[in-house]
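Colleague: Let me give you the structure first, and then I'll get to my questions.
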Amino acid sequence: MRKTVLIGLDGATFTILDPLMAAGHMPFLKSYLAGAFRAKLLSTPNPLTPPAWVSMITGRSPGNHGIYDFIRAENRDDTIYFTLYNSSDIKCETIWSLASRQGHKVVHLNFPMMAPPQPLNGYVIPSMVQWRHLKKNIYPKILYDTMATIPGFQADHWALTYWEANEAMRHRALNPDEDEGKAWVTKNLNRDKQWFIILKYLMEKDPADLTAIVFDGVDKLLHPYWRLLDPETSGDLSDGENRMREQVLDYFHQLDSFIRDIVHLAGDEAHVIMASDHGFGPARYVFHVNVLLESWGYLGWREVDHAEVKKHNHEWSFASLDWSKTSAYAGTPSSNGIRIRVPEESYEAFRARLMQQLLDYRDPVSGEQIVTRVTPREEAFPGPAMSLAPDLTLTLSDHSFVSVINEEPIVLHRPEINGTHRPEGIFILGGPGVKSGEHPEPYSILDIAPTMLFCLGLPIPKEFEGKITAAAWEPSYLQAHRVGIDNTSGTFCTPESGDSPFSEEEQKAIWAHLQSLGYVE
Amino acid sequence: MGERPETGKSIPQEEIFQEVAKILTDMTSDWDIDFSGDITPATKIIADLQFESIDVVQFIVQLEGKFQRKDLPFEKLLMVDERYRDDFTVQEVVDFLHKNL
């Protein structure tokens with residue numbers, strides 16, 4: 001069987017990697033790229049970790065797989081109930097499942113939205129699971145006990161939840177203390193190292209056909225320290241910032257060594273894909289969108305006791321709103337989305353007016369247009385899971401995330417530039433039959449899944465929305481390895497409406513197969 | 001209320017309690033907390049088992065998986081007047097599930 005390795009680099013961008021390689025900070029990646037294929041990779045409409053990684057591993061867009069954010073918000077009577085998305089919310093089959101049920105062994109480590117783990121032929125350790133919940137979220141369970149015996153593995157350097165990461169990055173942004181900064185870099189150095197130790201162990205002891213890992217330290221460090229690496233700003237740093245930059249560079253030195261070792265462990269006959277869920281760029285301001293909506297009469301704030309709110313720490317991410325006075329609101333920063341709560345008969349007119357107001361809004365200080373694009377859900381997220389998406393998705397002029405809290409001014413210009421997500425991440429492909437070079441146009445994140453299946457020699461389900469990256473391959477290789485299309489509906493999606501895209505016979509066959517694997521009772 | 005999907009019969013409260021207690025025991029078995037002894041209906045999720053918000057989320061995921069239901073209105077258990085409650089008991093969880101399954 002043909003081996004394939006996917007190295008996920010959360011938030012990686014050529015804007016940072018190219019200068020690092022040129023300056024000698026990532027020598028292996030530089031030499032590898034000389035013989036590999038590269039392109040930019042376009043993320044999901046809201047370039048955010050959960051929808052993007054899930055799109056990458058399902059080959060489906062968020063309107064089909066149903067994951068839009070870290071946080072799931074549901075209208076419940078007159079309130080909004082917030083919880084976290086998990087793997088059971090993904091409405092499409094993952095490439096892990098596809099490969100596993102067609103006889104391939106699969107390892108996937110540190111991918112978001114993979115808890116609780118779905119059983120497969122291989123090993124699963126999901127991302128963002130607190131240490132005390134890992135025992136129930138590692139598959140198979142024996143791997144949890146085995147991890148403690150892996151030489152060099154230190155559990156207390158490893159697990160990090162969404163809340164912990166979010167709070168740590170907020171703290172870094174607000175309190176740029178050098179010692180705390182070093183501690184954060186060290187934490188991410190250690191975390192990635194633990195992931196690498198586990199992966200190396202599995203690749204040596206029980207090699208898989210499809211091996212995949214995400215190193216998310218790139219994202220965790222680019223958010224607070226973009227300015228230290230961006231070629232446009234990194235030449236004008238203070239002594240303290242230069243010391244901090246050296247710390248951050250240590251992360252990329254280590255990352256380069258991990259990539260080198262993984263590629264060597266995979267062997268010359270394996271295909272290696274390196275990809276990111278989104279790119280990165282500078283964030284110049286904080287846009288308090290809910291304060292703007294309040295000024296237009298669309299939103300009311302709830303009186304909150306901040307000490308009380310802090311007890312339920314997840315509420316830091318949410319707006320504290322008076323729902324009886326709210327017809328439009330942004331629930332979470334990460335969604336960049338606005339949800340509308342008006343009667344159906346007035347929805348279209350309300351939405352159209354709100355879209356124009358947002359596009360017309362100008363920063364009172366600079367006169368700059370802040371919201372450069374407003375995309376309605378049927379355009380951003382078409383598909384059976386569209387009803388779960390925000391009504392409107394905003395794109396800001398610096399591509400940053402909105403702020404949902406009640407603070408003035410509406411547009412706060414950051415005293416220090418931070419990093420924020422950008423639509424274009426990276427795609428690198430290497431291995432037998434791959435051309436070296438750079439594709440001038442970006443590929444879509446939806447193209448990764450069909451490309452992985454092609455690497456594995458498996459047919460591509462007809463439901464996949466992307467395409468194989470054909471320009472990356474030598475014509476002789478494509479000729480010798482024909483692309484197969486699976487017309488038998490090999491993947492499934494769980495529609496919102498209850499209407500199924502499958503015939504009754506197809507549904508019975510799929511469910512019987514899932515039962516045999518133990519996915520359903 | 002508390003119906004089994006296949007038979008339409010209610011799930012007895014005692015059976016729901018046993019499943020909830022098993023989940024909570026399994027979750028907390030290797031936690032470093034002061035709570036000792038068995039889970040009882042009077043056990044408080046936050047005060048006794050020292051759950052944090054993320055643990056409550058994990059608990060709900062376990063319950064949804066155990067009872068094969070993603071549509072349970074957990075906000076009715078966790079929230080009062082649009083605010084998250086400071087604590088709730090195992091019995092309140094059992095009552096909620098019995099009413100909504």
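Colleague: For peptide A:132-145, compute the average count of partner chain beta-carbon atoms within 10 Å of each residue's beta-carbon. Write down the numbers at each step before the final one.
Modeller: Values: counts 10, 9, 0, 4, 7, 2, 0, 0, 0, 0, 0, 0, 0, 0.
Counting other chains' Cβ atoms within 10 Å and averaging over A:132-145 gives 2.
Colleague: For labels at A:Lys462 and A:Glu269 in the simple 7 Å Cα→Cβ model, what's the distance in nm?
Modeller: 3.4 nm
Colleague: Another question about this same structure. In nanometres, what is the gap between the two model label sites at A:Arg302 and A:Leu412, each 7 Å from Cα along Cα-to-Cβ?
Modeller: 2.2 nm
Colleague: Counting only DSSP beta bridges with both residues in chain A, tell me the antiparallel percent, nearest 5. The partial results should precede the final answer.
Modeller: Numbers: 38 of 64 bridges.
Percentage antiparallel, nearest 5: 60.
Colleague: Using a simple charge model, +1 on the beta-carbon of Lys and Arg, -1 on the beta-carbon of Asp and Glu, nothing else, what dipole does chain A show about its Cα centre, in debye to the nearest 20?
Modeller: Details: 47 positive and 67 negative charges, 228 e Å.
Using only the charged Cβ atoms, the result is roughly 1100 debye.
Colleague: Positive end of the dipole of chain A, charges at C-beta (+1 Lys, Arg; -1 Asp, Glu), about the Cα centre: which of A:Tyr477, A:Ile90, A:Ser397 has its Cα farthest in that direction?
Modeller: Of the listed residues, the answer is A:Tyr477.
Colleague: How high is the FRET efficiency from A:Asp360 to B:Asp71, r the C-beta distance, R0 25 Å, rounded to 0.05? Please list the in-between numbers first.
Modeller: Working: r = 40 Å, r/R0 = 1.59.
So, using R0 = 25 Å, E works out to roughly 0.05.
Colleague: Using 0.36 nm per residue of separation minus the Cα-Cα distance, give me the extension gain between B:Glu15 and B:Ile33 in nm, one decimal. Spell out each step's value before the answer.
Modeller: Working: separation 18, 0.36 × 18 = 6.48 nm, distance 2.64 nm.
Residue separation times 0.36 nm, minus the Cα-Cα distance, leaves 3.8 nm.
Colleague: Would you please classify the overall shape of the protein assembly as shown from the alpha carbon gyration tensor, given that a ≥ b ≥ c denote the square roots of the eigenvalues, rounded means a/c under 1.5, and beyond that prolate means a/b larger than b/c while oblate covers the rest? The partial results should precede the final answer.
Modeller: Values: a/c = 1.35, a/b = 1.11, b/c = 1.21.
Taking the square roots of the gyration eigenvalues as a ≥ b ≥ c, the protein assembly as shown is rounded.
Colleague: For the pair A:Asp179 and A:Thr233, how long in nm is the line joining their label points, each one 7 Å along Cα→Cβ?
Modeller: According to this spin-label approximation, the distance is 2.6 nm.
Colleague: Nearest 20 debye, what's the magnitude of the dipole of region B:13-100 about its Cα centre given +1 on Lys and Arg Cβ and -1 on Asp and Glu Cβ?
Modeller: Details: 9 positive and 20 negative charges, 74 e Å.
The calculated dipole for region B:13-100 is roughly 360 debye.
Every number in this text was worked out from the coordinates using simple rules, so none of it is lab data. In this text, all values refer to a predicted model and were calculated from it rather than measured experimentally. FYI the Cβ positions are ideal-geometry reconstructions off the backbone, even for glycines, and counts take in every protein chain you see.
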